[in-house]
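Notes follow the structure.
Just so it is clear, none of the values below were taken in a lab; they were calculated from the coordinates. All of these numbers come straight from a predicted model, not from anything done at the bench. Here Cβ is always computed from backbone atoms with ideal geometry, including for glycine, and neighbour counts include all displayed protein chains.
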Amino acid sequence: MALTIGLGVWGGRKLDAYFQNEKPMLTLVFSVLGLVVSLIVVIRSVSKK
């Protein structure tokens with residue numbers, strides 16, 4: 001779960017640096033996306049057991 005969120009933050013920071021954004025909007029978007037994906041994986045895993 002932490003790895004997915006961490007990858008989202010890392011990717012968002014790289015994209016913000018590449019596009020030279022003043023505000024870290026892509027970091028926010030990708031970190032939230034990582035959180036949603038990891039929660040979906042956890043919920044599916046728990047519901048199967």
(request) Give the relative contact order (percent, whole number) for the chain; include only Cα pairs under 8 Å separated by 6+ residues. (result) 44
(request) For every helix of n ≥ 4 consecutive DSSP H residues, a contribution of -39,500 (n - 2.57) applies; sum these over the chain, divide by its total residues, and give [θ] at 222 nm rounded to the nearest 500 deg cm²/dmol. (result) -29500 deg cm²/dmol
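Let's see if you can work this out: charge +1 on each Lys and Arg Cβ, -1 on each Asp and Glu Cβ, no other charges. What is the dipole magnitude of the chain about its Cα centre, in debye to the nearest 20? Don't skip to the end; give the middle numbers.
On the way: 6 positive and 2 negative charges, 64 e Å.
Approximately 300 debye in magnitude.
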(request) Rounded to the nearest 10 degrees, what's the angle between the helix 2-19 long axis and the longest principal axis of the chain, both from Cα atoms, 0 to 90? (result) 20
(request) Treating the Cα atoms of segment 2-48 as identical point scatterers in vacuum, please give the log10 of the normalised Debye intensity I(q)/I(0) at q = 0.17, 0.27, 0.32 Å⁻¹, two decimals. (result) -0.48, -0.84, -1.01
(message) Can you work out the Karplus-derived ³J(HN,Hα) for every residue in segment 32-49? Use 6.51 cos²θ - 1.76 cosθ + 1.60 with θ = phi - 60°, whole Hz, and x for glycine or proline.
(response) 5, 4, x, 5, 5, 4, 5, 5, 4, 5, 5, 5, 5, 5, 5, 5, 6, 8
(message) Could you give the length gained by full extension between residue 13 and residue 25, i.e. 0.36 nm per residue of separation minus their alpha carbon distance, to one decimal place?
(response) 3.4 nm
